[in-house]
1. When the residues of segment 71-102 are narrowed to those that are without any contact (Cβ under 8 Å) to a residue 24 or more places away in the chain and under 10 Å from the mean Cα position of the chain (by Cα), which ends up surrounded by the fewest Cβ atoms within 10 Å (Cβ to Cβ)?
2. Under 9 Å between Cβ atoms, at least 6 apart or on separate chains: pull out the pairs that start in segment 1-20 with a residue that is farther than 18 Å from residue 78 by Cα and end on any residue that is modelled with pLDDT of 65 or more and outside any helix (DSSP H, G or I).
3. Give segment 31-44 a look and list any residue that's surrounded by fewer than 15 Cβ atoms within 10 Å (Cβ to Cβ) and touching a strand residue (DSSP E or B) at 6+ places or on another chain (Cβ under 8 Å), or say none.
4. Filter segment 51-69 down to residues that are within 12 Å of the chain's Cα centre (by Cα) and free of Cβ contacts under 8 Å to residues at least 24 places away in the same chain, then give me how many there are.
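The values are calculated or read from the model by the stated rules, or taken from the named source; none is laboratory data. Everything numeric in this text was worked out from a predicted model, so none of it was measured. Methodologically, a virtual Cβ is constructed for each residue, glycine included, from the backbone with ideal geometry; neighbour enumeration extends over all protein chains shown.
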């Protein structure tokens with residue numbers, strides 16, 4: 001399986017099969033680079049609240065109706081339980097309306113885990 005994935009999956013085996021770790025990821029904060037100019041973007045902080053590391057998809061909705069997804073690899077959690085990244089907004093006057101993390105649905109032995117991404 002690791003040969004097919006092209007990367008080590010120790011984090012996956014340890015979390016799902018050797019331990020009873022849980023997935024709990026959250027948006028911990030949003031700080032605009034400039035309080036007067038949202039076009040400069042924002043720094044978004046996400047946090048892994050439990051022990052199970054998983055890749056993260058962050059969905060960002062802007063007030064102009066634009067929705068973007070930022071996909072972050074599982075390796076971000078090797079640096080600790082908190083990760084910050086820069087999000088560049090799409091418009092000069094647009095502020096961020098909502099930000100949420102979503103765990104892709106995972107199917108193991110006939111059982112589906114995680115939330116549905118719509």
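1. 71
2. Close Cβ pairs (under 9 Å, with a partner that is modelled with pLDDT of 65 or more and outside any helix (DSSP H, G or I)) amount to 1/9; 2/8; 2/9.
3. Passing the criteria: 31, 40, 43.
4. Taking segment 51-69 first, the residues within 12 Å of the chain's Cα centre (by Cα) are 53-60, 69.
Checking which are free of Cβ contacts under 8 Å to residues at least 24 places away in the same chain leaves us with 69.
Number satisfying all stated conditions: 1.
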